[in-house]
Every structure is written in C-alpha cells, then in structure tokens.
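Take a look at the structure below.
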Amino acid sequence: MSQPVEGIPFIIKDECPEPDLYQGTKPNSILIAESEFSGLRFRREGPTSFLDILRNQFPRGKVIIKLPITYAREEPRITRMCIEIGFEDEYARDEALSKPFCIQKRNITVHKTILLSTRMVYKVHIGNIEQIGYPVSYKGEVRNYLKQFGDVEEVHLHYTKNGNWFKGEGCAIMTISSDKIPLIQQHPILTFLFLEYPINGQFYRYDSPNVR
C-alpha cells in the first residue's frame, strides 16, 4: 500500500561517483601497491623475473620507481610501498590500464594516477545544464567544456530515481590549478561550485615508520 509523503522527494537515481584517486610523481603513470605481489615467487633473472614480467605486461612503460604512498581514506592511515610506472603519453597509459594483469592466477590491481604539482582535485557542482542543448549531448557538452581547463575524471548527470526526470544539474571530478576556476565560471549559462576532493593515495617525501 502506498504511503502519504510529506514533501516531494527528488531522489537521485545513481549515486555521484567518488573514485579513489592516487597521486603520481611521473606524467601519465600507473600505481601498483607492492603488497599486490605478496607471497608470489619470481626468478632472479630471465623471462619469469619480476621486472621482466612487468616489462611484458607494460611494453610501452618509460620509467619505473618505488615510492611510499599514504592511503588517506583508510583508518588508521597506512603507508604502503608502491611501484609507479610512467608512460610516454595518456594513450599508452590507457592501453596499459585496459589490459587485465594476472600473475600466477592472481589478479593484480592497477591504479591510474594524477599529477598534481600546482593543481588540486575538485568536485564540481554544475547547474543550468538543461539550457545548453539537447539531452543526448548534455554530458559531452559539459565534459568538453571542462577539458579546456584541466583533466576531467568523471562527469555525472542527476536524474531522479522515479520518473527519470533530469534535475538540470550534475557534478564532475577534475584536476585543475585554482587560477582556472574564475575562467571556468565565465560560462554564459552554466553555474559552478568547486569543493576540494580528497585524494586517497598521497606521496610523501619522507620515510614513514608505518610503511607496509
């Protein structure tokens, strides 16, 4: 039996994406926690040595380093040794990320990194989207506009769970320098609200006693 409702609920159909983001030190890089390989056995030399396996998996890799990464979303925070592999460009990295990585029947988790330097990660709340064109092009229009100013990780449009109504708003996760925010806000139709977005994996340039 249906129940009376106080007020009209506008429940969003899909939750906004909150991806785990990891800080890199090399352009176009990936990150693998060393613990992913715990318990696996490798030969010291030859095609089944650890580094040869990595080369076979990532033939377009340009540089490899080890570094401590702190997982900020875990409680308590844990710092793990990780392997970072940099690539020539984003296309080579995307190709590497698209390939399953399995060693000795174990699936290995590989993360895409973001290069911060002078930039920050923001969650961007966007309004007036329904005024910029046709519904089928909303997401592409928003993404293409934001890409002019930084790297866009996610774009999400807000539709209601019941009735599939578009609320005229959405959100995005993007990496930009703060001086680009006023430029983005000059859009003649769209409105923007920028909030700092927490990074899960962060690189620190000092040794941590809690490295695992």
Subject >> Complete set of residues in the stretch 26-39 that are over 15 Å from the mean Cα position of the chain (by Cα) and under 26 Å from residue 94 (Cβ atoms) >> reply: 26, 33, 34, 35, 36, 37
Original post:
Right, residue 70: more than 30 Å from residue 169 (Cβ to Cβ), crowded, with 18+ Cβ neighbours inside 10 Å and of a type in the set (Val, Ile, Thr) or not?
Top reply: yes
Subject >> Of all residues in the stretch 46-83 being in a helix (DSSP H, G or I) and charged (D, E, K, R), the one that is farthest from the chain's Cα centre (by Cα) >> reply: 52
Subject >> Qualifying residues in the stretch 89-112 (those that are within 15 Å of the chain's Cα centre (by Cα) and buried (at least 16 other Cβ atoms within 10 Å of the Cβ)) - the one farthest from residue 28 (Cα to Cα) >> reply: 110
**OP:** Select from the stretch 142-158 the residues that are free of Cβ contacts under 8 Å to residues at least 40 places away in the same chain and surrounded by 14 or more Cβ atoms within 10 Å (Cβ to Cβ) and list them in ascending order.
**Re:** 143, 146, 149, 150, 151, 152, 155, 157
Subject >> Conditions (1) assigned to a helix (DSSP H, G or I); (2) in the same structural domain as residue 173 (by TED's automatic domain parsing): number failed by residue 93 >> reply: (2)
Original post:
From the list 149, 166, 192, 203, which residue is of a type in the set (A, V, I, L, M, F, W, C) and at pLDDT below 90?
Top reply: 203
**OP:** Kindly indicate whether residue 49 is farther than 28 Å from residue 157 by Cα and of a type in the set (Ser, Thr, Tyr).
**Re:** yes
Subject >> Where residue 161 falls short, out of the listed (1) within 30 Å of residue 10 (Cα to Cα); (2) without any contact (Cβ under 8 Å) to a residue 24 or more places away in the chain >> reply: (2)
**OP:** Could you list all residues from the stretch 175-202 that are in a strand (DSSP E or B) and of a type in the set (Gly, Ala, Ser)?
**Re:** 201
**OP:** Only residues that are free of Cβ contacts under 8 Å to residues at least 60 places away in the same chain and polar (S, T, N, Q): list them for the stretch 164-202, please.
**Re:** 177, 178, 185, 186
Original post:
Given (1) within 29 Å of residue 180 (Cβ to Cβ); (2) in contact with a Pro (Cβ under 9 Å, 6 or more places away or on another chain); (3) surrounded by 16 or more Cβ atoms within 10 Å (Cβ to Cβ), where does residue 115 come up short, assuming only one miss?
Top reply: (3)
Original post:
Is there a residue being more than 16 Å from residue 104 (Cβ to Cβ), surrounded by 15 or more Cβ atoms within 10 Å (Cβ to Cβ) and among the aliphatic types (A, V, I, L, M) anywhere in the stretch 32-41?
Top reply: yes
Subject >> Selection from the stretch 79-120 of residues that are hydrophobic (A, V, I, L, M, F, W, C), within 19 Å of residue 59 (Cβ to Cβ) and in contact (Cβ under 8 Å) with a residue 40 or more places away in the chain >> reply: 83, 85, 87, 92, 96, 97, 101, 103, 108, 110
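The values are calculated or read from the model by the stated rules, or taken from the named source; none is laboratory data. Because the structure is a prediction, the values reported are computed rather than measured. Counting neighbours? That spans all protein chains shown, and the Cβs are built from the backbone with ideal geometry, glycine included.
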